[in-house]
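**Q** Provided herewith is a single structure, encoded as structure tokens, for subsequent inquiry.
The values are calculated or read from the model by the stated rules, or taken from the named source; none is laboratory data. Not measured: the values here are computed from a predicted model. Neighbour counts are summed over all protein chains in view; Cβ atoms, including those assigned to glycine, are modelled from backbone coordinates with ideal geometry.
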Amino acid sequence: MTDDTDFSALAHEAAQADADTVGPQAAPEAAPVAAEPVPTDLDEARMIIGLVCVHTNAIFPFLAPIYTDDVQDKLAGVTAPLMKKYGLTAGGLFERYKEEIAFALVAVPLSLATAQAFRSQRAAAPVPVEDTAPAPVAA
């Protein structure tokens, strides 16, 4: 049976011999981390317009044929220069107005559904007909 101390000493000597032969070992290089692509102004404009259209079309489905992908791309093309001019970014808008945006995403569809319910109720309720006949004239 071998003595653990003898084995440890032997392993230490072997490691020292390797270090003397090879020299100091450099730390292994970390794998390069792929950087996230930075969205362009056009990408950001397209994202905002797409998000608005998704929610608008959900509320007003009859608008979907108007706001096609091609129309959204054209709109983004003319919106991107304005966003650049005024220093607007999607992240900046959502960060600055996150509470307002969250409110609008909940409150606008709710208020539209409420208005539609009132319209439907009024349309279903019988409308009272006033008697428009002239009063009889006494002779």
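**Q** Which of the numbered conditions does Tyr67 fail, given that it passes all the others? Conditions: (1) in a helix (DSSP H, G or I); (2) touching a helix residue (DSSP H, G or I) at 6+ places or on another chain (Cβ under 8 Å).
**A** (1)
**Q** Would you check if Asp69 is without any contact (Cβ under 8 Å) to a residue 24 or more places away in the chain and within 18 Å of the chain's Cα centre (by Cα)?
**A** Answer is yes for this residue.
**Q** For region 115-139: of the residues being polar (S, T, N, Q) and loosely packed, with under 10 Cβ neighbours inside 10 Å, which is modelled with the highest pLDDT?
**A** Gln121
**Q** Related question: Scan (1) among the small types (Gly, Ala, Ser); (2) modelled with pLDDT under 90; (3) not in a loop (DSSP other than H, G, I, E, B) for the single condition Ala34 breaks and write down its number.
**A** It fails just one condition, (3).
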